[in-house]
1. Just a yes or no: is a residue in the range 361-384 farther than 14 Å from residue 307 by Cβ and aromatic (Phe, Trp, Tyr)?
2. Considering only residues that are under 26 Å from residue 287 (Cβ atoms) and either of a type in the set (Asp, Glu) or not assigned by TED's automatic domain parsing to the domain that holds residue 210 (or both), which ones fall in the range 21-76?
3. For the range 324-425, which fully contained strands (runs of 3 or more DSSP E) count at least 1 residues that are touching a Ser or Thr at 6+ places or on another chain (Cβ under 9 Å) and touching a residue at least 40 places away in the same chain (Cβ under 8 Å)?
4. Kindly provide the set of residues from the range 227-271 that are surrounded by 18 or more Cβ atoms within 10 Å (Cβ to Cβ) and among the aromatic types (Phe, Trp, Tyr), ordered by number.
5. Of 327, 318, 375, which residue is among the aromatic types (Phe, Trp, Tyr), within 16 Å of the ligand (Cβ to nearest atom) and not assigned by TED's automatic domain parsing to the domain that holds residue 165?
6. Going through 148, 120 one at a time, which residue ends up being touching a His at 6+ places or on another chain (Cβ under 7 Å), under 24 Å from residue 236 (Cβ atoms), surrounded by fewer than 24 Cβ atoms within 10 Å (Cβ to Cβ) and among the hydroxyl-bearing types (Ser, Thr, Tyr)?
7. Working carefully through the options 389, 412, 351, find the one that is within 26 Å of the chain's Cα centre (by Cα) and charged (D, E, K, R).
8. Looking at (1) farther than 23 Å from residue 156 by Cβ; (2) open to solvent by less than 40 Å² (accessible area, probe 1.4 Å); (3) in contact with a helix residue (DSSP H, G or I) (Cβ under 9 Å, 6 or more places away or on another chain); (4) part of a loop (DSSP other than H, G, I, E, B), can you tell me which one residue 64 breaks?
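The values are calculated or read from the model by the stated rules, or taken from the named source; none is laboratory data. As the structure is a computational prediction, the values presented were derived from the model and not from experiment. When we count neighbours, we look across all protein chains shown, and the Cβ atoms used for this are built from the backbone with ideal geometry, even at glycine. Ligands, DNA and RNA are excluded from the accessible area calculation, which covers all protein heavy atoms including side chains. Shrake-Rupley method; radii C 1.70, N 1.55, O 1.52, S 1.80 Å.
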Amino acid sequence: MKKQWNFATQAVQGGYEPKAGEPRVLPIYQSTTYKYDDADHVARLFNLEEAGHIYTRISNPTVAGFEEKVNILEGGVGAVATASGQAAIMLAVLNICQAGQHLVASSTLYGGTYTLFSTTLKKLGVEVTFVDPNSTEEEIESCFQPNTRALYGETIGNPGLNVLDFEKFSIVAKKMGVPLIIDNTFATPYLCRPFEHGVNIVVHSATKYIDGHATSVGGIVVDGGNFNWDNGKYPEITEPDPSYHGLRYLETFKEAAYITKLRVTLLRDMGPSMSPFNAFLSNQGLQTVHLRMKKHSENALELAQYLEGHEKVAWVKYPGLKGNPSYQLAQKYLPLGASGIIAFGVKGGAEAGKTFINNVELATLVVHVADIRTYVLHPASMTHRQLTEEQQIAAGVTPDLIRVSVGIEDIEDIKADFNQALGKVKL
Ligand SMILES: *Cc1c(COP(=O)(O)O)cnc(C)c1O
């Protein structure tokens, strides 16, 4: 039974409910395997007639506690944790898409997702059409083919920091009869709950704000349970599965059909599961997500405003800034804050940007974002360097762009550090 608690209470206490005498804190069940009393019990588990753990590749009690907390916070009907965010995205897509089929995706995506879609899925026979998220409904619809299986986007695009127009995207997805899959990594369910805006499937890189402390690589897929799979397009969900003696997912698992299928087929067969230890750490971090995201957002807004007025800064992008092209969408979909990621350009272009990065002291240069510490990064030469310059521009990466992940340190110290590093840049 899910309790009707508010967000902060669910973040702290949701997902794991110990019985009398059991550990108060979600324990690390560092066990690959489980014990049974009779053979019929195991047979029922293998037939999916009864819920229970069989093998840690498929499920584990620690991982389940973490999955359920994320599921409650997002407002879904079920979640599957994975070894990484990339694994979550891959499984979310492959669960309803196979060779000869097609996806439509926003062009402003995380670099790893872009290469997964443009290169690796292509090798598996899945084509992806990228569309500028500022396109009209008609333009997005024109990217669809009869074999299109899903529409994909990110709540806050990486690293262009555009906020997705959920209403527009969900209208198109509904009209075309496909689920809308959203990467909600940068917002977290504290700042945005996509299922409230017509989204059907949410994915996260749990490596980022969910863990929040940069200790564990992980991912998660959450099912909104709000898509009508029975529209004639998804036989893998409505028709018998020979790998489970003809089981029909929709008939048996109702609104949780998609997420159950993902666990018992793709997680079973491909195996990118989250380890119990990483689930413990990710769960530990998630317990404070509401406090951290509030502070990340406050600090980011203040730093963005400070940089806007700085003489060495050419431009600043942050969806929480008045005048940002995404400002209205941020007010609508991210009312509690626009998260902790900022992009800006140092006057003098790529060279000046490098000087800045080489001189920060409190902020550090890492290839990571979205934990409690302040980080800086130059995407054109780092995260997005495998893309051609054309692809970089389409993804919102200009040569002078510096991405900042604003931490929860004291904002006065962060501003002072940026000011001294910008002071080293010669105009
Ligand atoms: C980091 C990231 C990913 C990939 O997640 P990993 O955990 O690194 O595999 C996907 N989407 C977004 C938005 C990310 O920031």
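1. So the first thing to find is which residues in the range 361-384 are farther than 14 Å from residue 307 by Cβ, and the list is 361-362, 364-373, 375, 377-384.
Pick out the ones that are also aromatic (Phe, Trp, Tyr) and you get 375.
Among the residues of the range 361-384, at least one is farther than 14 Å from residue 307 by Cβ and aromatic (Phe, Trp, Tyr), which makes the answer yes.
2. Selection gives 22, 67, 68, 74.
3. On the way: elements: 341-346, 375-377, 401-405.
Of the strands (runs of 3 or more DSSP E) lying wholly inside the range 324-425, those with at least 1 residues that are touching a Ser or Thr at 6+ places or on another chain (Cβ under 9 Å) and touching a residue at least 40 places away in the same chain (Cβ under 8 Å) span 341-346, 401-405.
4. 227, 229, 234, 249, 253, 258
5. On the way: 327 fails: within 16 Å of the ligand (Cβ to nearest atom); 318 fails: within 16 Å of the ligand (Cβ to nearest atom).
Selected residue: 375, the only one of 327, 318, 375 that is among the aromatic types (Phe, Trp, Tyr), within 16 Å of the ligand (Cβ to nearest atom) and not assigned by TED's automatic domain parsing to the domain that holds residue 165.
6. On the way: 120 fails: touching a His at 6+ places or on another chain (Cβ under 7 Å).
When all the criteria are applied, what remains is 148.
7. On the way: 412 fails: within 26 Å of the chain's Cα centre (by Cα); 351 fails: within 26 Å of the chain's Cα centre (by Cα).
389 is the lone residue from the list that is within 26 Å of the chain's Cα centre (by Cα) and charged (D, E, K, R).
8. (4)
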